[in-house]
Amino acid sequence: MERNLKNVLVISFGFLLLFTAYGGLQSLQSSLNSEEGLGVASLSVLYAALILSSMFLPPILIQKLGCKWTIAISMCCYIAFSLGNFYASWYTLIPTSVILGLGGAPLWSAKCTYLTIAGTSYAEKAGKNAKDIINQYFGVFFLVFQSSGIWGNLMSSLILSQSSTKVEISEEDLECCGAYNCLTDTTNTTGSAKPSNSLIYTLLGVYTASGVLAVLLVIIFLDQIKSDQAETEKEKLEAPSFWSTFLATFRHLKDKRQCLLIPLTMYSGFEQGFLSGDYTKVYVTCALGIQYVGYVMICFAAVNALCSLLFGKISQFTGRKLLFALATVTNTACMIALLLWKPHPKQLAVFFVFPALWGLSDAVWQTQTNGLYGILFEKHKEAAFANYRLWESLGFVIAYGYSTKLQAYVKLYILLSVLVLSMVTYGAVEYLEAKSSPGTPTATKKENGRPCSQETRM
């Protein structure tokens, strides 16, 4: 096997193992650690730490340690979060959430840097176009990585479904589920009672082992990039200091288009935060039980992955405006339906329809918003994607921050309001683009593979 391709596969399967654990654990936080809102508070802190991390840590760590050891050490930060869940309290989960947030940005930056250098290196040897090879490598990576959401949630559902405490949910308890949920710990008052400690420890043990395997895979099989290969990339990383990067990020806000895209970028964090922090708790866990959370999130992950691939291909034919319109209509319909629907165990299929439609919409928000940033700010990509990470992460922080303070219907109204505002400001961006270049059709092509800015998905 060609050496560079071997390294791409090592990174891909390392991320698959790591995010199989983290993805499953993230989906369960609002249900598994519901006392005093500990689970969603930890996720809010995690994304706040990610914001700080993305501004200064990646260049420093990659310069000092190289890509291989930055990836390995950052992966250990994710394992720390799994360990913190063994004895979940404010004194264990919040610090480990900070550690994970700090490790998140260097992990994804090092991965992007490694794949870029590997692709460039192979292209030079083979006499091929570097851009084409890099796109192929990212395509391989995301093909493997995207399935992590399926495996992690499948593990949680299979293990937690072994619980022997199957309690019948009364109609009175079901009244506390849905948009007008009672602001109480519903996970302990309904049939969705917390699984036994032995099952939780088994699940956490499997997740921790998966993370450890990821680290070992990288340490043992991933080749360190030679210093001469990394020289050009190193010069790029050495140039910006923390303050120059920080100031460049906010200096980019002078661009009117960037300011207008802030609501759309934050909405991406809001809508993902609602699905993983609120839908899983007040609809799924409350009415069906925590063992169903994994199955529901598998549905979301599978549809999201398939639609991401589909929309990335068809956007060049349909244009991004049509796809944004599709996502807006789909998300709006879901929100209105969630406001009206009273979840009941007899309506099992409905619980899966919502995450499937949500996955379709999220695929548009991710692929097209990333592509839009790349097209609009081609000359200032670093500052633009730093803003993308900043505002999407802020959306996560806010969504998880108010998760335990407001009823679900209030959050749905907030989500709907932000979506409407996002589409108004996005329309203004398209208007400005059309006005500035009336004779040139707006670019809609998207490169194969997802942009490196996907790190906010953690």
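The values are calculated or read from the model by the stated rules, or taken from the named source; none is laboratory data. Just so it is clear, the structure is predicted and the values come from calculations on it, not from any experiment. No Cβ is skipped: glycine too gets one built from the backbone with ideal geometry, and neighbour counts run over all protein chains shown. Note: accessible area is taken over every heavy atom of the protein model, side chains too, but ligands, DNA and RNA are not part of it. Shrake-Rupley method; radii C 1.70, N 1.55, O 1.52, S 1.80 Å.
The chain: longest stretch without exposed trypsin sites (Lys or Arg not before Pro) (DSSP loop, at most 16 other Cβ within 10 Å), sites themselves excluded? Longest gap between qualifying sites, sites excluded: 227-404.
Taking the helices alone, the chain has a mean residue ellipticity at 222 nm of -25500 deg cm²/dmol, built from -39,500 (n - 2.57) per DSSP H run of at least 4 residues and averaged over all its residues.
Rolling a 1.4 Å probe over the protein heavy atoms gives the chain an accessible area of 41 Å² per residue.
On the chain, 66 percent of the accessible area sits on carbon and sulfur atoms, based on a 1.4 Å probe.
Using only side-chain charges placed at the Cβ, +1 for Lys and Arg and -1 for Asp and Glu, the dipole size of segment 246-434 relative to its Cα centre rounds to 120 debye. Placing unit charges on the Cβ atoms only, positive for Lys and Arg and negative for Asp and Glu, gives the chain a dipole magnitude near 1020 debye about its Cα centre. In the structure shown, the pairs Lys111/Lys405; Lys256/Lys381; Lys381/Lys435 are assessed against 27 Å; a Cα-Cα span above that value is assigned to Lys111/Lys405. Sorting 347-358, 41-52 by their mean Cβ neighbour count within 10 Å, with the most densely packed peptide first, gives 41-52, 347-358. With the cut-off at 1.5 for a/c, could you classify segment 272-423 from its C-alpha gyration tensor as rounded, prolate or oblate? Here segment 272-423 falls in the prolate category.
Assuming a ≥ b ≥ c are the square roots of the Cα gyration tensor eigenvalues, decide whether the chain counts as rounded (a/c under 1.5), prolate (otherwise, with a/b larger than b/c) or oblate. Oblate shape, in that a/c is at least 1.5 and b/c is the bigger or equal ratio. Would you be so kind as to identify all helices of the chain, as entire DSSP H runs, whose Cα atoms reach 24 Å or more along the helix's own axis and whose mean Kyte-Doolittle hydropathy is at least -0.5? What comes out of the filter, once short or polar helices are dropped, is 3-32, 38-84, 93-126, 197-221, 256-274, 293-318, 320-340, 348-376, 381-401, 408-436.
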